[in-house]
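Down below is the structure, laid out as structure tokens.
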Amino acid sequence: MALITKLPSSSSTITQFKTPQISNPNPKFSNSIQFTKTSCSASPFTEKHSIERYQRDKWVFKNELNQNPPENQSIFSTRDYEIALQLPELKNLLRVLREKREKGGNGEGGIGNVFLVGTGPGDPDLLTLKALKVIQKADLLLYDRLVSNDVLDLVGPDARLLYVGKTAGYHSRTQEEIHELLLSFAEVGANVVRLKGGDPLVFGRGGEEMDFLQQKGIQVKVIPGITAASGIAAELGVPLTHRGVANSVRFLTGHSRKGGADPLFVAGNAADPDSTLVVYMGLSTLPALVVKLIQHGLPSDTPAAAVERGTTPQQRIVLAELKDLADKITSEQFVSPTLIFIGKVVALSPLWPQSCTNESSCLIPQV
């Protein structure tokens, strides 16, 4: 049995509960192209201490939330303290599901299934029908930060949701703990759904989870999602490949397990003017990546785009030539998730003004 039994050290450290406030500046400077879908600034995703998260996951903080309603009181910021609070309810749910399995006589017993489900880049209309059917029948759903709140609103009323998201400097669960949670609940016969933004097998660590579970004898079913590259490119009107312009597309990650600038070694092979580059998780390393791409021969005036929170009502877009893109992203104070496109196909977007063809970048009005 893989039930997590190791209790982390508790801490009474708390932080004042606040709904996240994300700035949405729109300075009128002449060297940028900015397109904003709406003026709404609240995050469409699950921020680590957002009110949506604690309302959604209140069952796992049952005792604490009964005593300290989130709208008026403080909430727990320390990871270890959160997990210590969650464990009693998680163990109770495991017990209930185990008893159900042991008593079930009409096909209810046995090992459960784990579904790795891609939810797309954020727009709930991009969710597949197969994904919708699965998440509405789940017993427990473990969801990442980049599963949008609109998608989570579609989850069945009897399902239990548990946030396992990661942000820079804050992992609500380690990857190993996520593995053990999936295994523990599958072993007691639950239908467990692992929700991931985009596609679960594109920079989603779905392969690691699938490999771990299969080695433990758990059946894993993968339900693909529209990856951010495809969904956001469509939103931009950018063809990732285009005859005579780009004959290939390459997905890159802006960081690696070792952190720092490790992924930049790919620049030598990626600096191909006939390819389209899509950079995930690349905000922090983009300035260094741009320098290396140019050093390896990619023209500095290559069209490029950065899209923050693509396909959601909070989407923001900056278009600029490669050499200027990092500065524009900094000026606009873009935050994660931001997807970056580099390649001649970006200029095929209807958002790229023809008058900018021979300029580094230019301004289009906010709509």
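The values are calculated or read from the model by the stated rules, or taken from the named source; none is laboratory data. No experiment lies behind these values; they were computed from the predicted model shown. Cβ sites come from the backbone with ideal geometry, for glycine too, and all protein chains shown count toward neighbours. To get the accessible areas, we keep the full protein, side chains included, count just its heavy atoms, and leave off ligands, DNA and RNA. Shrake-Rupley method; radii C 1.70, N 1.55, O 1.52, S 1.80 Å.
Considering the stretch 275-294, the residues that are out of contact with any helix residue (DSSP H, G or I) (no Cβ under 8 Å at 6 or more places or on another chain) and touching a residue at least 12 places away in the same chain (Cβ under 8 Å) include one that is most open to solvent (accessible area, probe 1.4 Å), namely 284. Checking each residue in the stretch 229-251 for being assigned to a loop (DSSP other than H, G, I, E, B) and in contact with a helix residue (DSSP H, G or I) (Cβ under 9 Å, 6 or more places away or on another chain) picks out 237, 238, 239, 240, 241, 245. The residues on offer are 282, 268, and the sole one that is of a type outside the set (A, V, I, L, M), within 20 Å of residue 344 (Cα to Cα) and in a helix (DSSP H, G or I) is 268. Restricting attention to the stretch 176-188, does a residue exist that is buried (at least 19 other Cβ atoms within 10 Å of the Cβ), touching a helix residue (DSSP H, G or I) at 6+ places or on another chain (Cβ under 8 Å), over 22 Å from residue 45 (Cβ atoms) and of a type in the set (S, T, N, Q)? Yes, the stretch 176-188 has at least one match. Is it the case that some residue within the stretch 152-160 is touching a Phe, Trp or Tyr at 6+ places or on another chain (Cβ under 7 Å) and touching a residue at least 40 places away in the same chain (Cβ under 8 Å)? So far as the stretch 152-160 goes, yes, one or more of its residues are touching a Phe, Trp or Tyr at 6+ places or on another chain (Cβ under 7 Å) and touching a residue at least 40 places away in the same chain (Cβ under 8 Å). Take the stretch 210-220 and flag every residue that is outside any helix (DSSP H, G or I), open to solvent by less than 80 Å² (accessible area, probe 1.4 Å) and touching a helix residue (DSSP H, G or I) at 6+ places or on another chain (Cβ under 8 Å). 218, 220 - these are the residues of the stretch 210-220 that are outside any helix (DSSP H, G or I), open to solvent by less than 80 Å² (accessible area, probe 1.4 Å) and touching a helix residue (DSSP H, G or I) at 6+ places or on another chain (Cβ under 8 Å). Taking first residues from the stretch 88-105 that are under 26 Å from residue 58 (Cβ atoms) and basic (Lys, Arg) and partners that are surrounded by fewer than 18 Cβ atoms within 10 Å (Cβ to Cβ) and at pLDDT below 95, the Cβ contacts under 6 Å between residues at least 6 apart in sequence or on separate chains come to 101/109. When you look at residue 226, is it in contact with a strand residue (DSSP E or B) (Cβ under 6 Å, 6 or more places away or on another chain), at pLDDT 95 or above and not in a helix (DSSP H, G or I), yes or no? Considered against the rule, which asks whether it is in contact with a strand residue (DSSP E or B) (Cβ under 6 Å, 6 or more places away or on another chain), at pLDDT 95 or above and not in a helix (DSSP H, G or I), residue 226 comes out as yes. Return the residues of the stretch 120-137 that are open to solvent by less than 20 Å² (accessible area, probe 1.4 Å) and either within 27 Å of residue 335 (Cα to Cα) or of a type in the set (Asp, Glu) (or both); say none if nothing qualifies. The answer is 120, 121, 122. The residue that is surrounded by the most Cβ atoms within 10 Å (Cβ to Cβ), counting only those in the stretch 138-175 that are over 18 Å from residue 96 (Cβ atoms) and in contact with an Asp or Glu (Cβ under 6 Å, 6 or more places away or on another chain), is 163. Considering the stretch 307-346, the residues that are surrounded by fewer than 20 Cβ atoms within 10 Å (Cβ to Cβ) and of a type in the set (Gly, Ala, Ser) include one that is farthest from residue 251 (Cα to Cα), namely 331.
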